[in-house]
Amino acid sequence: MQAALSPLLIILAVLAWGALHSLLATWGAKKRLLHPFSPNAHRGYRLFYNVVAGLTLLPVLALLALLPDRTLYTIPAPWIAVFILGQLIAAIALVVGLLQTGVWSFLGLRQLVHPSGEAPAELVTSGLYRWVRHPLYTAGLALIWLTPLMTLNLLALNLGLTVYILIGVRYEERKLRREFGQPYADYSARTPMLIPGWKRGSPGL
């Protein structure tokens, strides 16, 4: 297989994964999948969702190693230290962001023991959320793009994941506006979506 086809296959694989991931997040899919089971089965849906998302991502990542590839660039010293430090900061931000919103709820473990199957909703606007509305996405984007070694396949993966994140964050915005109403509208009016300090006179990025 020619190396030129590898990026296309990877992008298509990422888009397919993203479509499945987004479909499972919809209320209609959740209702259909849980229908044959007991009324309490909804408590495990978030965990099921995360497990499926993780397992279906593995074949996408495997394509990076299996398909023909070539190096596009390698960041030389001393700048490589800057990129690695940036990735380390992004990784720490991911952990801090998860701790702020609740690791167990994110994983779906808290829902297993909560009577309603859903953790109580809380609008977090402090800490990292003071600077951007979606710090986990911001940190994730920084983590993948600050890699000091870029190959053709990795570029395709990063592009696919970036498109998925930019589309997904818009749907999440709609969900948060429905869930929290005016408090979230006020929060989004003063806080950028993804880029700290971004000022355009509207919520935007």
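The values are calculated or read from the model by the stated rules, or taken from the named source; none is laboratory data. These numbers were taken from a predicted model, which means no experiment stands behind them. Methodologically, a virtual Cβ is constructed for each residue, glycine included, from the backbone with ideal geometry; neighbour enumeration extends over all protein chains shown.
Here LEU9 meets the list (1) surrounded by 12 or more Cβ atoms within 10 Å (Cβ to Cβ); (2) modelled with pLDDT of 90 or more; (3) under 24 Å from ALA139 (Cα atoms); (4) of a type outside the set (Phe, Trp, Tyr) almost entirely, failing just condition (3). Whenever a residue of the range 36-55 is touching a residue at least 60 places away in the same chain (Cβ under 8 Å), its partners that are surrounded by 15 or more Cβ atoms within 10 Å (Cβ to Cβ) and of a type in the set (D, E, K, R), lying with C-beta atoms within less than 7 angstrom and at least six residues away or across chains, give the pairs TYR45/LYS30.
Of the residues making up the range 1-58, those that are out of contact with any Lys or Arg (no Cβ under 8 Å at 6 or more places or on another chain) and not in a helix (DSSP H, G or I) are MET1, GLN2, ALA4, ALA25, THR26, HIS35, PRO36, PHE37, SER38. Scanning the range 173-203 for residues that are under 18 Å from LEU128 (Cα atoms), modelled with pLDDT under 90, surrounded by fewer than 16 Cβ atoms within 10 Å (Cβ to Cβ) and not hydrophobic (A, V, I, L, M, F, W, C) yields GLY197, LYS199. Looking only at the range 6-65, residues that are of a type in the set (Val, Ile, Thr) and in contact with a His (Cβ under 9 Å, 6 or more places away or on another chain) come to 2 in all.
So that you can scan it fast, the table gives a plain yes or no per residue for (1) more than 27 Å from PHE106 (Cα to Cα); (2) exposed (fewer than 14 other Cβ atoms within 10 Å of the Cβ); (3) in contact with a Leu (Cβ under 9 Å, 6 or more places away or on another chain):
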| position | (1), (2), (3) |
| --- | --- |
| THR26 | no, yes, no |
| ALA29 | no, no, yes |
| ARG43 | no, no, yes |
| PHE48 | no, no, yes |
| VAL51 | no, yes, no |
| LEU57 | no, no, no |
| LEU63 | yes, no, yes |
| ARG70 | yes, yes, yes |
| ALA77 | yes, yes, no |
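Are any residues in the range 158-167 under 18 Å from TYR129 (Cα atoms) and either at pLDDT below 90 or surrounded by 15 or more Cβ atoms within 10 Å (Cβ to Cβ) (or both), and if so, which ones? Passing the criteria: only ILE165.
Pairs are defined by a Cβ separation below 8 Å, a sequence spacing of at least 6 or placement on different chains, a first member in the range 71-94 that is closer than 21 Å to ALA156 by Cβ, and a second member that is in a strand (DSSP E or B) and among the polar types (S, T, N, Q); the pairs so defined are THR71/THR151; LEU72/THR151.
For every residue, the table says whether it meets (1) small (Gly, Ala, Ser); (2) under 30 Å from LEU72 (Cβ atoms); (3) touching a Cys at 6+ places or on another chain (Cβ under 7 Å); (4) assigned to a helix (DSSP H, G or I).
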residue: VAL124; (1), (2), (3), (4): no, no, no, no
residue: TYR137; (1), (2), (3), (4): no, yes, no, yes
residue: THR147; (1), (2), (3), (4): no, yes, no, no
residue: ASN158; (1), (2), (3), (4): no, yes, no, yes
residue: LEU161; (1), (2), (3), (4): no, yes, no, yes
residue: ILE167; (1), (2), (3), (4): no, yes, no, yes
residue: ARG174; (1), (2), (3), (4): no, no, no, yes
residue: ARG178; (1), (2), (3), (4): no, no, no, yes
residue: ALA185; (1), (2), (3), (4): yes, no, no, yes
